[in-house]
Every structure is written in structure tokens, then in C-alpha cells.
Amino acid sequence: MIHEPIYPDGPGHRGVDTSIEAARKMEMSVGHLQRVALRAIRAAGARGLTTNELAAVVRIHRDSIQPRTSELRDRGLIRDSGARRRNENGIKAIVWVATTSRGSNGL
């Protein structure tokens, strides 16, 4: 049976066996990681955080926290501020800020 993605409330996958397995393993921790990411972005206020900054602040590997920013964006809880900051590699990155409305998906 193929796992049905519940994105953005849970991890999605690409329909490939390895992607499906990774999504299943992440299901239990996704809600927690979304809450951790959202709290940190809210705490950063108007300055916001890039994904790399977020990973450093919450001390969670970027590979685990970056998908949470996409999920939070799709849920309307964070948004692209329009600002960009350079990561350590010199590439500009989106600066995420919390939206003002919490709605029913406010975590």
C-alpha cells in the first residue's frame, strides 16, 4: 500500500520507495519540528531567519528543518519577508517571518 501524503500537515513524498520510507519515519516528529521551527521564527520577530539560521538556532540538522519551513509556509504560518541574507556559502537565502494570523492551524 502506498502511503498517502498528508502534506503540509505531515511529510510528503515523491512516490518513490525511499521517499515513502523517509516520510513514514518522519511522521511522528513532524508536528514537533514544525512547532520548534515556528517558535524560533516567531521569536526572531521582524528580523526573521533563513533556513540555515533556523537550523543553527534550534540545533536541528538543516535536512530535517528545511522541509518544515515549506510546510509552515503552505499552512500560512510563515511567509517570505522579501529580504535575503547570504548563507555561509555566499548564496542568498529567503528570510522567513511569522505571519500575524494564527488561524485554526496555529500550532
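Here are the numbers for this structure:
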item	result
Cβ pairs under 9 Å, 6+ apart, first in segment 80-94 and of a type in the set (Asp, Glu), second surrounded by fewer than 13 Cβ atoms within 10 Å (Cβ to Cβ) and part of a strand (DSSP E or B)	none
Within segment 73-107, considering residues that are modelled with pLDDT of 95 or more and under 12 Å from GLN34 (Cα atoms), the one surrounded by the fewest Cβ atoms within 10 Å (Cβ to Cβ)	ARG73
Answer residue from segment 48-65, given it is part of a loop (DSSP other than H, G, I, E, B) and touching a residue at least 24 places away in the same chain (Cβ under 8 Å) and is nearest to ARG79 (Cα to Cα) among those	GLY48
Flag for VAL30 being at pLDDT 70 or above, more than 11 Å from the chain's Cα centre (by Cα), buried (at least 19 other Cβ atoms within 10 Å of the Cβ) and not in a loop (DSSP other than H, G, I, E, B)	no
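The values are calculated or read from the model by the stated rules, or taken from the named source; none is laboratory data. Quantities reported herein were computed from a predicted structural model and do not represent experimental measurements. Glycine also receives a Cβ, built like all others from the backbone with ideal geometry; neighbour counts cover every protein chain displayed.
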